[in-house]
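This report refers to the structure that appears directly beneath it.
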Amino acid sequence: MPPNELMTTTIPTSRRTPPEESNMNMHSMTVRGKDRYKSGVLEYKKMGYWEPDYQPKDTDIIALFRVTPQDGVDPVEASAAVAGESSTATWTVVWTDRLTAAEKYRAKCFRVDPVPNSPGQYFAYIAYDLDLFESGSIANLSASIIGNVFGFKPLKALRLEDMRLPVAYVKTFQGPATGIVVERERMDKFGRPLLGATVKPKLGLSGRNYGRVVYEALKGGLDFTKDDENINSQPFMHWRERFLYCMEAVNKAQAASGEIKGTYLNVTAGTMEDMYERAEFAKELGSVIIMIDLVIGYTAIQSMAKWARRNDMILHLHRAGHSTYTRQRSHGVSFRVIAKWMRLAGVDHIHAGTVVGKLEGDPATTRGYYDICREDYNPARLEHGVFFDQHWASLNKLMPVASGGIHAGQMHQLLDHLGEDVILQFGGGTIGHPMGIQAGATANRVALEAMILARNEGRDYLREGPEILAKAAETCTPLKSALEVWKDVTFNYESTDMPDYVPTPSVAM
Amino acid sequence: MRVTQGCFSFLPDLTDEQISRQVQYCLEQGWAVNIEFTDDPHPRNNFWEMWGLPMFDLRDAAGVMMELNECRKVYGNSYIRLSAFDSSHGWESVRLSFIVNRPKDEPGFRLERHEMAGRNIRYTTSSYATDRPEGRRYG
């Protein structure tokens, strides 16, 4: 589909580039022939990195950057520079370009729009030929797109907002090792979100005490427990201790409930060799799931995803560290891009926000992340921050995880915002229960089952949520007590990142 | 003990009216509902016996409820569950599954531990009920 058709149909008319600015940008300024290769310095927009007439091919990768040029820098030149520096350009003309099919390899900025309500910021759409990238390598993709350009002096700030990944490229990746459907089949859990909890306190428990928390939470009704991101192998608990006691807890809880249970054993370590050793041990002990942290790096993540596929293991990813570059609106990489990369890289779970909990996440933006994880096709939805149509070509679905500051009393809101294919993790909301961990787990499970039952019965569960919970609490003391303790807990803060486009009612509707 | 497999095991046992509303929901999603029963509730026993075929093309929950009652007449002291299948691309699997009938007594599971080298333990879960032959497990 031609890009203009794809984008202008979804951008509200009132927010399009004002005519005088688009006129300035309308024509290619590329210098051609012998003059293009005269030694010296040439503006990026004249080197072939600004091609407003370019029609992206179906096989092109398209990146959308939010560009904030330094004062006085022409936004088109700044955007062309981003295209140049993320593909073939250097600061001066080089004759060796002429030994290559240089025009094909140049990334082409084909569109620059002012960002609505954000003076000084521009959306730059840049197309990259597929041959610029190695198949099946997030390391290569990211080194190209974000490797060099973020420190570029003429820019005040730069953010990678979204990417369109062509099917031809998607198909070179394994994708989630297990996927939502097979995970549900293996866990024998259908029709409701899965429930989890992170063991707390996250540091200091011995292996034996740690296993106690796992047992209580799983026996009480959770499907999963989870190591936290920084639980690896510390003086208070060596990793083998943790694994052995956790698997005792998992097996005991399975026998007590007749249900399949799991605990995310974090195999994150200092080297790949150590991670493989830990993963192998987890497999030997019969764990259904292991876990890694985002900070291990894209290549390590892809390696573990391949290991997980080979060994029938579900692979949980904790997005440790992401907020350092995803949170600020003007600079860094949007989490929606990280979510796309992680679906390609092949993890099965990814933390993607709770909306109502303690961590950053506006509802519309979070919805965009969830769609990226779970759908086979994402239509462009600017109001959710999704800029491109994206086909996933039957790559497995990635289960989003909601974790951080959520409790049973929010069950109706969680189900409404996040849907059914999600893991709800109540750490404090399980372990902090006044009647103990089992009771905390039971409260969450009962709240969830009651809400699903009501939703399926066609009730307006969002509005009637508190009543539905109160009714369920009549036959469940732990839920009653949870609702009482956390009744007023909410985290209402201004979001730092939200979509730039708001849907406006149109006559046609 | 109480086997807590399925979507609604933590709630009080569903009444027939509640079951019927869940079935109606499934049918409205275009899913085919299947009745399955077993006297071996081991958590990894995926293949419970089928009470006929999944009920494709059904519109009204009453059809399922009728079959469920027939099944209860024969296997009233076994586990019976309803499973709803979604044949749409990208799913092609179960979308909802819940227990609608249980034996009067649920003896639960034995956990056997075989001590291996290096503190490793091999665990085996087995249902006390399966100590007896199929068909003679629950009274």
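Odds and ends about this structure:
- Given (1) open to solvent by 10 Å² or more (accessible area, probe 1.4 Å); (2) aliphatic (A, V, I, L, M); (3) out of contact with any helix residue (DSSP H, G or I) (no Cβ under 7 Å at 6 or more places or on another chain); (4) modelled with pLDDT of 95 or more, index of the condition A:ALA78 fails: (1)
- Subset of segment B:2-55 (residues that are on the phi > 0 side of the Ramachandran plot and more than 12 Å from the chain's Cα centre (by Cα)): B:GLY30, B:GLY52
- Residues satisfying the stated conditions in segment B:39-82, i.e. outside any loop (DSSP other than H, G, I, E, B) and of a type in the set (S, T, N, Q): B:ASN69
- Within segment B:109-118, considering residues that are within 10 Å of chain A (Cβ to nearest Cβ) and not in a strand (DSSP E or B), the one surrounded by the most Cβ atoms within 10 Å (Cβ to Cβ): B:MET116
- Residue that is within 30 Å of A:ASP488 (Cα to Cα) and out of contact with any strand residue (DSSP E or B) (no Cβ under 9 Å at 6 or more places or on another chain), where the choices are A:GLY405, A:GLY357: A:GLY405
- Residues of segment A:385-402 satisfying the condition of being of a type outside the set (Gly, Ala, Ser) and touching a strand residue (DSSP E or B) at 6+ places or on another chain (Cβ under 9 Å): A:VAL386, A:PHE387, A:PHE388, A:ASP389, A:GLN390, A:HIS391, A:TRP392, A:LEU398, A:MET399, A:PRO400, A:VAL401
- Of the residues contained in segment A:130-138, none is found to be buried (at least 19 other Cβ atoms within 10 Å of the Cβ) and touching a Lys or Arg at 6+ places or on another chain (Cβ under 6 Å).
- Screening B:CYS7 with (1) in contact with a Gly (Cβ under 7 Å, 6 or more places away or on another chain); (2) more than 10 Å from chain A (Cβ to nearest Cβ); (3) not aromatic (Phe, Trp, Tyr) gives one miss only, at (2).
- When residues in segment A:327-366 are screened for being touching a residue at least 60 places away in the same chain (Cβ under 8 Å), open to solvent by less than 10 Å² (accessible area, probe 1.4 Å) and hydroxyl-bearing (Ser, Thr, Tyr), 3 of them pass.
- Exactly one residue out of B:ARG44, B:ARG59 is of a type in the set (Lys, Arg) and more than 8 Å from every other protein chain (Cβ to nearest Cβ), and it is B:ARG59.
- Residues located in segment A:281-311, provided they are within 14 Å of chain B (Cβ to nearest Cβ), over 18 Å from A:ASP223 (Cβ atoms) and not in a helix (DSSP H, G or I): A:LEU285
- Total residues in segment B:10-41 satisfying the condition of being more than 28 Å from B:ARG59 (Cβ to Cβ) and within 8 Å of another protein chain (Cβ to nearest Cβ): the figure is 3.
- Subset of segment A:279-294 (residues that are touching a residue at least 40 places away in the same chain (Cβ under 8 Å) and open to solvent by 20 Å² or more (accessible area, probe 1.4 Å)): A:VAL288
- Residue check for A:LYS226: touching a residue at least 12 places away in the same chain (Cβ under 8 Å), within 14 Å of chain B (Cβ to nearest Cβ) and basic (Lys, Arg): no
- Among the residues making up segment A:452-493, those that are outside any helix (DSSP H, G or I), of a type in the set (S, T, N, Q) and more than 10 Å from chain B (Cβ to nearest Cβ) are A:THR490, A:ASN492.
- Condition met for A:ALA101 (at pLDDT below 95 and either within 14 Å of chain B (Cβ to nearest Cβ) or open to solvent by 50 Å² or more (accessible area, probe 1.4 Å) (or both)): yes
- Candidates B:ASP57, B:ASP40, B:ASP16 - the one that is of a type in the set (Asp, Glu) and under 23 Å from A:ILE452 (Cα atoms): B:ASP16
- A:GLY120 meets the stated requirement of being without any contact (Cβ under 8 Å) to a residue 60 or more places away in the chain and more than 27 Å from A:LYS397 (Cα to Cα).
- Flag: B:GLY135 matches the condition of being more than 8 Å from chain A (Cβ to nearest Cβ), open to solvent by 30 Å² or more (accessible area, probe 1.4 Å) and touching a residue at least 40 places away in the same chain (Cβ under 8 Å).
- Scanning segment A:417-451 for residues that are away from chain B (no Cβ under 14 Å), of a type outside the set (Val, Ile, Thr) and part of a helix (DSSP H, G or I), we see that the one that is surrounded by the fewest Cβ atoms within 10 Å (Cβ to Cβ) is A:GLY428.
- Filtering segment A:189-204 to residues that are open to solvent by less than 30 Å² (accessible area, probe 1.4 Å) and either out of contact with any helix residue (DSSP H, G or I) (no Cβ under 9 Å at 6 or more places or on another chain) or more than 10 Å from chain B (Cβ to nearest Cβ) (or both) leaves A:PRO193, A:LEU194, A:LEU195, A:GLY196, A:ALA197, A:THR198, A:VAL199.
- Residue that is nearest to the other protein chains (Cβ to nearest Cβ) [pool: residues in segment B:89-103 that are closer than 21 Å to B:ARG136 by Cα and either out of contact with any strand residue (DSSP E or B) (no Cβ under 9 Å at 6 or more places or on another chain) or in a strand (DSSP E or B) (or both)]: B:ILE99
- All of B:GLU106, B:GLU36 fail the test of being open to solvent by less than 50 Å² (accessible area, probe 1.4 Å) and assigned to a loop (DSSP other than H, G, I, E, B), apart from B:GLU106.
- The lone criterion from (1) among the hydroxyl-bearing types (Ser, Thr, Tyr); (2) surrounded by fewer than 24 Cβ atoms within 10 Å (Cβ to Cβ); (3) within 14 Å of the chain's Cα centre (by Cα) left unmet by A:TYR369 is number (2).
- In segment A:192-225, the residues that are outside any loop (DSSP other than H, G, I, E, B) and closer than 17 Å to A:HIS349 by Cα: A:LEU194, A:LEU195, A:GLY196, A:ALA197, A:THR198, A:PHE224, A:THR225
- Residues satisfying the stated conditions in segment A:237-273, i.e. out of contact with any Leu (no Cβ under 9 Å at 6 or more places or on another chain) and within 14 Å of chain B (Cβ to nearest Cβ): A:HIS238, A:ARG240, A:GLU241, A:TYR245, A:GLU248, A:GLY258, A:ILE260
- Residue ID - farthest from the chain's Cα centre (by Cα), chosen from residues in segment A:196-246 that are at pLDDT 95 or above and of a type in the set (Lys, Arg): A:ARG208
- Residue count for segment A:487-500, restricted to those that are farther than 30 Å from A:THR324 by Cβ and in contact with a helix residue (DSSP H, G or I) (Cβ under 7 Å, 6 or more places away or on another chain): 1
The values are calculated or read from the model by the stated rules, or taken from the named source; none is laboratory data. Everything numeric here is computed off the predicted structure, so don't read it as measured data. Cβ atoms come from the backbone with ideal geometry, glycine included; neighbour counts cover every protein chain shown. When the accessible area is computed, the model is the full protein with side chains, heavy atoms only, and any ligands, DNA or RNA have been set aside. Shrake-Rupley method; radii C 1.70, N 1.55, O 1.52, S 1.80 Å.
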